[in-house]
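Engineer: Before anything else, here's the structure in question.
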Amino acid sequence: MTPKGAIDLAIGDFKADDASYTSIPAMDFSQEMIVAAALGTRNSGGYNILLAQAAEDGGVVQILVVETSPGGDCLTTGAVTHPIDLARMARHDGTVDFVVTKRTDSCGR
């Protein structure tokens, strides 16, 4: 799959839901890359995923991912959701590791 095809596939749901979406910003894939983190299908709202930080150490790019789920005291929508986050960064041809931190919202109750 071409890089543009992969991006189109990853953001296809946004295109359907956002009337302001027109096109993918121009990118030079010889200089940049896109990283993505996704939770897959969730049966309610209140879930989130965030590409929080990226840093290179010893030739390896480590990307900090924060995965948030709703606590038992949270009121959430009953809608099916598909949390995803995309980030544009400088191209790295070596190893990219995702370090996932999980947290649960208490919703202040």
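The values are calculated or read from the model by the stated rules, or taken from the named source; none is laboratory data. Worth saying up front: this structure is predicted, and the values here are computed from it rather than measured. Positions of Cβ are generated from backbone atoms using ideal geometry, with glycine treated the same way; all protein chains shown enter the neighbour counts.
Engineer: If you scan segment 35-63, which residues turn out to be surrounded by fewer than 16 Cβ atoms within 10 Å (Cβ to Cβ) and either hydroxyl-bearing (Ser, Thr, Tyr) or closer than 23 Å to Ser106 by Cβ (or both)?
Structural biologist: Thr41, Asn43, Ser44, Leu50, Ala52
Engineer: Kindly indicate whether Glu67 is under 17 Å from Thr101 (Cβ atoms), of a type in the set (Asp, Glu) and free of Cβ contacts under 8 Å to residues at least 40 places away in the same chain.
Structural biologist: So Glu67 fits the description; yes.
Engineer: Note down all Cβ pairs under 7 Å where the first residue falls in segment 75-100 and is modelled with pLDDT of 90 or more, the second is part of a strand (DSSP E or B) and among the polar types (S, T, N, Q), and they're at least six residues apart or on different chains.
Structural biologist: Close Cβ pairs (under 7 Å, with a partner that is part of a strand (DSSP E or B) and among the polar types (S, T, N, Q)) amount to Pro83/Asn48; Asp97/Gln62; Val99/Gln62.
Engineer: Quick one: how many residues across segment 93-109 are touching a Leu at 6+ places or on another chain (Cβ under 8 Å) and part of a loop (DSSP other than H, G, I, E, B)?
Structural biologist: Going through segment 93-109 one residue at a time, the tally reaches 1.
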